[in-house]
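Rule-based calculations on the coordinates, nothing more; no lab input. Source: prediction; values computed, not measured. Here the Cβ positions follow ideal geometry from the backbone for every residue, glycine too, while neighbour counts run over all protein chains shown.
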Amino acid sequence: MVVLGILGAYLGGLLVDWRWLAICSSIPPTLLLVCMCFMPETPRFLLSKGRRHEAEASLRFLRGPDAPVEWECSRIESACDELGSSFQVSDLKDPGVYKPLVIGIMLMVFQQMSGINAIMFYAESIFEQAHFKESDLASVIVGLIQVVFTAVAAVIMDRAGRKVLLIISGVAMAISTNAFGMVAGEEAHTDLSWLALASMAVFITGFALGWGPIPWLVMSEIFPVKVRGVASAVCVLTNWTMAFVVTKTFQDMMNVITSAGTFWLFSSMCTLSVIFTMACIPETKGKTLEQIEATFRGTSGP
């Protein structure tokens, strides 16, 4: 849905000025805000607070009035009892906790340090600096490519494996950002402007196939249930913090180290992401949570 929203914004930019585009973009979050006012709390949260009656009402809202909510509440309570105590700082001594946490954080760092958000937000300006005449149309093409290949990634992810796709994705992104750096500077030749669109298309294709969706998927697979909430929150915080930093400093980097230097920096980060993937990230395809935990602890899984 995120990539569809980005494509919609690009298409809207072709039709209306930025003021009307901003107004139109405010409609979905406004509707979400209104709808969330009518959403109940999750049954698991309510049961953890001892509010069983409200949990049953929440389940009836979600499952329908005839759903066996008492039975499901009992199952949730049993699962919570088996889980035991909540996360504690001392849990970070466990390699089954700190190793996946470090991997999750680094996945989010590398995802944003590839420059994806800065590139998507400033796509039209980037194409203009690369002397591409139809910069607004090029942005729409980039958005469309991202939608298509994100859908492709969803289909092939379980077949190809997470690690393989991350490596292929990182290599494609490193090569394409390096190529874009060749034509992004002020001294770039206008007859090479086609390379700007081609390299950007390869970058977005690579990102959509791997480093776009897979870090979020891996994050949901590698954390033990006990720490999943806290660990996921830390990773999400890292992701959006890095997104803010990269996007906020993008124009400054373009001015200080030039356009070429900025994209070569992104290329080097993509190269590091490939090395990190090969050295540190285990393949999680087809593995149970217990097997993944055993991998991090260095023991044999079931």
*Hey, what angle do you get for helix 2-15 against the long axis of the chain, alpha-carbon based, 0 to 90 degrees rounded to 10?*
40 degrees
*Among 254, 242, 36, 173, which comes first, then next, by fewest other beta-carbon atoms within 10 Å?*
36, 242, 254, 173
*Given the Cα-Cα distance of residue 240 and residue 272 and 0.36 nm per residue of separation, how much length would full extension add, in nm?*
9.5 nm
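Semi-axes of the equivalent ellipsoid for the stretch 159-302, please: Cα gyration tensor eigenvalues, times 5, square-rooted, ordered largest first, whole Å. Could the numbers behind the result be given before it?
Numbers: eigenvalues 242, 60, 25 Å².
With the √(5λ) rule applied to the stretch 159-302, the semi-axes are 35, 17, 11 Å.
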_Angle between the chain longest axis and helix 27-36 axis [Cα atoms, degrees, rounded to 10]_ = 10 degrees
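Would you kindly state how much longer the chain becomes between residue 78 and residue 20 on full extension, computed as 0.36 nm times their sequence separation minus their alpha carbon distance, in nm to one decimal? Intermediate values should be presented prior to the final figure.
On the way: separation 58, 0.36 × 58 = 20.88 nm, distance 5.15 nm.
Length gained between residue 78 and residue 20: 15.7 nm.
Counting pairs of alpha carbon atoms under 8 Å apart in space and at least six apart in sequence, what relative contact order in percent does the chain give?
Numbers: 341 pairs, mean separation 74.7, N = 302.
Once normalised by length, the contact order is 25 percent.
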_More than 31 angstrom separation, counting every C-alpha pair in the chain; what % is that?_
42 percent
*Compute the distance in nm between two label points, each set 7 Å from the Cα along the Cα-to-Cβ direction, one at residue 37 and one at residue 89.*
4.1 nm
_Selection from 284, 24, 142 lying farthest towards where the dipole of the chain points positive, charges on Cβ_ = 284
*Karplus couplings for the stretch 252-267 from phi (6.51 cos²θ - 1.76 cosθ + 1.60, θ = phi - 60°), rounded to Hz, Gly and Pro as x?*
5, 5, 4, 7, 7, 10, 6, 4, 4, x, 5, 6, 6, 5, 4, 4
*Helix 162-184 versus the longest principal axis of the chain: what angle, 0 to 90°, nearest 10, using Cα atoms?*
30 degrees
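Please pull out the direction-averaged projected area of the stretch 40-83, using the convex hull of its alpha-carbon atoms, in nm² to one decimal place. Show your work: numbers first, answer last.
On the way: hull surface 10.6 nm².
With every direction weighted equally, the projected area is 2.6 nm².
Go through 64-77, 205-218 and give me the packing order, highest mean Cβ count within 10 Å leading.
Descending packing order for the listed peptides: 205-218, 64-77.
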*Mind checking the full-extension length gain between residue 280 and residue 66? Use 0.36 nm per residue of separation minus the Cα-Cα distance, one decimal, nm.*
72.2 nm
